[in-house]
Amino acid sequence: MSKEVVVKAENISKLYRLGQVGTGTLSHDLKRWWALARGKEDPYLKIGEENDRTKKTESDYAWALRDINFEINKGDTIGIIGKNGAGKSTLLKLLSRVTSPTTGQIKVKGRIAALLEVGTGFHPELTGRENIFLNGAILGMTKKEIQRKFDEIVDFAGVEKYIDTPVKRYSSGMYVRLAFGVAAHLEPEILIVDEVLAVGDAEFQKKCLGKMSDVASHGRTIIFVSHNMQAVQSLCKSAIYLKSGHIADVGITEKVINNYLSREVKNCIEAKWDDENTAPGNEYVRMKGARINPRLASETDIISVATDIDITFDFVLHKECALNISLFLNTPAGLCIFNVSTPSHQLKPGPHSSTLKIPGRLLNDDIYTIKLFFVKDTSAVVFAIENILTFEVVDEQRTGSWFGKWPGAVRPSLPFTLT
Amino acid sequence: MTDHTKSNDTDTWDIKITSGSGYLDFHLNELWHYRDLLMMFVKKDIITVYKQTILGPIWFIIQPMLTSLMFLLIFSSIAKIPTGATPPILFYLVGTTLWNYFADTLNITSKTFTDNASVFGKVYFPRIILPLSKVVSGLVKFLIQFSLFIIVWLYYVFISKAISPNWYVILSPIWLFIMVLLSFCFGIIITSLTTKYRDLTFLIGFGVQLAMYITPVIIPLSEVHGKKKIFFLLNPLTSLFEAFKYGFFGQGTFSPSWLLYSTGITLVLLITGIMVFNKVEKRFIDTV
């Protein structure tokens, strides 16, 4: 099978100046010109640091992207993932020719269209019809192409009745639908899509993603940037994982996403306190350890909504008492998903352990933290500990064509029949 | 996706996105592909101007009429500045119509990057399309205004017989073309220079206003005497305005050498303009 490379990025880097543009840039510009005039290297290209937004850097310049190399074959659907600030948007801007790289080059074969936003160039005073033509032309369509697609676009957006009304009188939903309608009917060989799917209601999202898989199945190349791992997984065969301006991983989507989640999501699935003096606790209870044991098929797997999870705590009891443990499963936002309690037992001093089993298909995809109460005589809290463990549950590969966030605090699998 | 076994550099690529750029690359193929976009921008400019007005495009005509009447009152009746043998109203009408086209084009093209940053930041199309569309929509407006002048002019030629045009009138589209090219070049140079340092923007509005007084808009070159005449002569617009009026009125200064001077300046500015514009358009979005 011969594969044709349609996009080839060679050593592309992008340098951005931090802080206020305009103060001191003239002197920098002059120095730069002077260096270039003498045939020397640009003095400011050397000093840029890796783009890590959490740290304050010494230099005024930062590399948003550094030495990126990749190739995309014809007909590929490729997802670009990474945290905010990893360089996703910069890469998109370069690919869509909004700006150009500081060094390196990208070579492209075929027509390329970018959807960084829907409705670019829409003019509120113009009618729906006029805006379809204007927006289509901005996106690179010729008048003939737009005329050919016109009815389809209007139909897709569902605005026949208002087509000769200025778009400033449209509802925001109609506006977005019309804007996406134009974009969805572009027919470039390479389509670059930013997270425009975040707009609109669930039904419309479904329509958009459906349209995109449609485009993909017609052998066109799609480059898709999103935070929505589910959508990336369902649409893209392969993925690029960007981290601080570098490519951290590239390959089959599933592998890249797992790698991304395991590296970027700060899970605390195990806690251990070896020194009794520094371990959390008091004269009643002293913690020894806590861990989450997901029952996974392989080590590289991640906790999904289908995974069975065991949560185990080890502690030392110092005073004999009737004890029960109360566990709160909270979201980082502070919402309590559930609170469960062990039965109360008369326990002797010494090491004890307690395990909670959470079956798969109960939790929704989210991040969870655990809070524990040690309760004496079923009435007095003798010790409480918050955020002892944190873990993330991710969505599983879904069938169907809607990939939005599943609503609800929990996601139980219940018998639900339809005859 | 990465398949290193087949990646030969001998392949032809349609687009190369690089850091540098050819200074004198006109991208004519690409411009041709986007010709419909140019027309859509023109249409948008024309339509949106008179949306929700009762008189609509008639406003295009009222504007130069009022300006000319004002000039007639101030410069002709009060200040008594002579307009030669040409009837003052005709002189002012053609002056303001030409001048408005020049000044409007310059004002709007000199803000190309700053005004359209939001669109330019989201989608690629040849940036030059936008200032070009302003030239064309300005031309539409100019032609509407110019037809008003033609009506008044026909009255003076055939009914009052106050002026006698000559055959040089057929050359006037050329002078018009050079004039608007000059304005366009100034505009794209200024917009390219102001993406990073906005200082220049403040001078433009003022500078354009001032330039009108060293252009034969309210006073013919033949009535300018003394030291200030050199400013008129050095202004590349002067010979163009004079040649334009020479054709229509049979009066004015038709000077081939000064016309050549204006054309030369325009060509130099055109080359400079395209060079700086090409250079700036690739990365202005980072600094605008």
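All of the numbers you see were taken from the coordinates with simple rules; none came from a lab. These numbers come from a predicted model, not from an experiment. Note that we place each Cβ from the backbone using ideal geometry, even for glycine, and neighbour counts take in every protein chain shown.
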- Query: Would you say B:Thr266 is away from chain A (no Cβ under 14 Å), buried (at least 19 other Cβ atoms within 10 Å of the Cβ) and hydroxyl-bearing (Ser, Thr, Tyr)?
  - Reply: yes
- Query: Can you tell me which residues in the stretch A:324-340 are surrounded by 14 or more Cβ atoms within 10 Å (Cβ to Cβ) and small (Gly, Ala, Ser)?
  - Reply: A:Ser326
- Message: Residue under question is B:Leu260, and the condition is that it be under 15 Å from the mean Cα position of the chain (by Cα) and part of a helix (DSSP H, G or I); does it hold?
- Response: no
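Condition check ((1) under 16 Å from B:Tyr124 (Cβ atoms); (2) of a type in the set (Gly, Ala, Ser)) across all residues:
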site	(1), (2)
A:Asn73	no, no
A:Thr77	no, no
A:Ser89	yes, yes
A:Thr102	no, no
A:Phe122	no, no
A:Leu139	yes, no
A:Glu152	no, no
A:Phe156	no, no
- Note on the structure: Out of (1) in contact with a Lys or Arg (Cβ under 7 Å, 6 or more places away or on another chain); (2) more than 7 Å from chain B (Cβ to nearest Cβ); (3) of a type in the set (S, T, N, Q); (4) within 28 Å of A:Ser217 (Cβ to Cβ), the one A:Thr90 does not meet is (4)
- Query: Considering only strands (runs of 3 or more DSSP E) fully contained in the stretch A:347-418, which possess at least 2 residues that are small (Gly, Ala, Ser) and either touching a residue at least 12 places away in the same chain (Cβ under 8 Å) or surrounded by 14 or more Cβ atoms within 10 Å (Cβ to Cβ) (or both)?
  - Reply: A:350-358
- Item | Residue satisfying condition, being crowded, with 21+ Cβ neighbours inside 10 Å, basic (Lys, Arg) and without any contact (Cβ under 8 Å) to a residue 60 or more places away in the chain, within set B:Lys122, B:Lys80, B:Lys51, B:Lys43 | B:Lys122
- Query: From the residues in the stretch B:194-205 that are part of a helix (DSSP H, G or I) and surrounded by fewer than 17 Cβ atoms within 10 Å (Cβ to Cβ), which one is farthest from the other protein chains (Cβ to nearest Cβ)?
  - Reply: B:Gly205
- Task: Keeping to the stretch B:127-164, report how many residues are assigned to a loop (DSSP other than H, G, I, E, B), surrounded by fewer than 18 Cβ atoms within 10 Å (Cβ to Cβ) and of a type outside the set (A, V, I, L, M, F, W, C).
- Result: 3
- Query: Which condition number does A:Arg286 fail, the rest of (1) among the charged types (D, E, K, R); (2) in contact with a helix residue (DSSP H, G or I) (Cβ under 7 Å, 6 or more places away or on another chain); (3) crowded, with 18+ Cβ neighbours inside 10 Å being met?
  - Reply: (2)
- Task: Residues being in contact with a Leu (Cβ under 8 Å, 6 or more places away or on another chain) and at the interface with chain B (Cβ under 7 Å from one of its Cβ atoms): count how many of those fall in the stretch A:109-124.
- Result: 6
